[in-house]
Amino acid sequence: MKKNKKTVQPVSGTKVPRFAGPSTFARLPELRDVETCDVAIVGIPFDAGTSYRPGARFGPQSIRQASRHLRTNYHPNYDTEPFVEQQVADAGDITCNPFNINEAIKQIE
């Protein structure tokens, strides 16, 4: 397996407790902090299209919070270390109009 030495890794849970550190996906760097990016994680906090049970707008924040527990270890079944082999970064959330679905779709696109 070839390792790319230029990738910026997630913050290790052994160096900084998982409840601290960056609030990005899997504690990865923000997009502005890397020179190149192979995979960008983007959140879309929008729930105006739902009926009866809104709350999808909190999804990106909840996924980032839960991803603090992801580990960056080698995956033997796939023979890969995803955060080593490619640069992954958190691109933040897309800002979209919460009151106008058509305008929000244009902003998301």
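Read the figures in this text as sums done on the coordinates, not as results from a lab. These numbers come from a predicted model, not from an experiment. FYI the Cβ positions are ideal-geometry reconstructions off the backbone, even for glycines, and counts take in every protein chain you see.
What to note about this one:
- Only one of the numbered conditions (1) assigned to a helix (DSSP H, G or I); (2) surrounded by 15 or more Cβ atoms within 10 Å (Cβ to Cβ) is not met by Gln107, and that is (2).
- Options Arg64, Arg57, Arg68: the member that is assigned to a helix (DSSP H, G or I), buried (at least 17 other Cβ atoms within 10 Å of the Cβ) and in contact with a Lys or Arg (Cβ under 6 Å, 6 or more places away or on another chain): Arg68
- Qualifying residue in the stretch 34-42 (condition: farther than 30 Å from Ile105 by Cα, surrounded by fewer than 16 Cβ atoms within 10 Å (Cβ to Cβ) and in contact with a helix residue (DSSP H, G or I) (Cβ under 9 Å, 6 or more places away or on another chain)): no
- Candidate set from the stretch 75-102 (those that are of a type in the set (A, V, I, L, M) and more than 14 Å from Ala26 (Cα to Cα)); member that is surrounded by the most Cβ atoms within 10 Å (Cβ to Cβ): Ile94
- Selection count where residues are under 17 Å from Ile94 (Cβ atoms) and either touching a residue at least 12 places away in the same chain (Cβ under 8 Å) or charged (D, E, K, R) (or both), scope the stretch 47-62: 8
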